[in-house]
Amino acid sequence: MADVLASSASAAKQTLEEGGVFSPRFDRDGLIVCVTRDAGSGEVLMLAYMNEQALRLTLETGFVHYWSRSRGRLWRKGDTSGQTQKLLEMRVDCDQDALLLIVEPGGDGGACHTGRRSCFYRRVSGPPGADSLVFVDAAGPAIASDEAAR
């Protein structure tokens with residue numbers, strides 16, 4: 001019996017990883033992680049989550065929707081900021097529990113709630129145990145933050 005179960009699990013894994021059916025695997029909270037990248041520059045803009053409804057609306061409308069864990073609600077990117085994200089391509093990872101969204105940013109081209117283009121605007125730097133954050137200008141050299149410069 002154990003051989004049958006192992007064989008069945010192996011077949012399911014093979015289908016999930018190599019098959020042609022989109023079967024997103026949501027976590028225990030009903031969410032799937034999404035990495036969002038600018039189609040033009042290739043820059044990673046943000047990391048967010050989708051629930052089943054956000055995924056469905058994104059695919060139906062062509063504009064990215066997310067699930068806000070902090071607010072506990074669905075949101076269409078850009079509704080308040082104007083920083084819309086038009087979906088050009090969606091990829092899924094090997095075991096279908098993470099998505100890569102390739103988008104055309106709208107509005108001012110930004111994605112971060114801080115007003116920056118990308119949510120990944122700081123680099124961790126320094127020896128272990130004394131790590132500091134260095135602010136990185138995507139268009140130029142790194143600029144040390146006041147905190148890191150002290």
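Does the range 31-82 hold any residues that are β-branched (Val, Ile, Thr) and at pLDDT 95 or above, and which are they? Once the filter is applied, which keeps residues that are β-branched (Val, Ile, Thr) and at pLDDT 95 or above, the range 31-82 yields ILE32, VAL33, VAL35, THR36, VAL44, THR58, THR61, VAL64.
Filter the range 24-41 for residues that are touching a strand residue (DSSP E or B) at 6+ places or on another chain (Cβ under 9 Å) and either surrounded by fewer than 12 Cβ atoms within 10 Å (Cβ to Cβ) or of a type in the set (Phe, Trp, Tyr) (or both) and give the result. Once the filter is applied, which keeps residues that are touching a strand residue (DSSP E or B) at 6+ places or on another chain (Cβ under 9 Å) and either surrounded by fewer than 12 Cβ atoms within 10 Å (Cβ to Cβ) or of a type in the set (Phe, Trp, Tyr) (or both), the range 24-41 yields PHE26, ASP27, ASP29.
With respect to (1) assigned to a strand (DSSP E or B); (2) touching a Lys or Arg at 6+ places or on another chain (Cβ under 8 Å); (3) more than 25 Å from ILE32 (Cβ to Cβ), the lone exception for GLU104 is condition (3). Scanning the range 52-79 for residues being out of contact with any strand residue (DSSP E or B) (no Cβ under 6 Å at 6 or more places or on another chain), in a loop (DSSP other than H, G, I, E, B), closer than 16 Å to GLU104 by Cα and not charged (D, E, K, R) gives a total of 1.
Looking across ASP27, ASP93, one residue alone is within 16 Å of the chain's Cα centre (by Cα) and touching a residue at least 24 places away in the same chain (Cβ under 8 Å). It is ASP27. Considering the range 80-90, the residues that are in a strand (DSSP E or B) and free of Cβ contacts under 8 Å to residues at least 40 places away in the same chain include one that is nearest to the chain's Cα centre (by Cα), namely MET90.
The values are calculated or read from the model by the stated rules, or taken from the named source; none is laboratory data. Please read these numbers as outputs of a predicted model, since none were measured by experiment. Cβ: placed from backbone, ideal geometry, glycine included. Neighbour counts: every protein chain shown.
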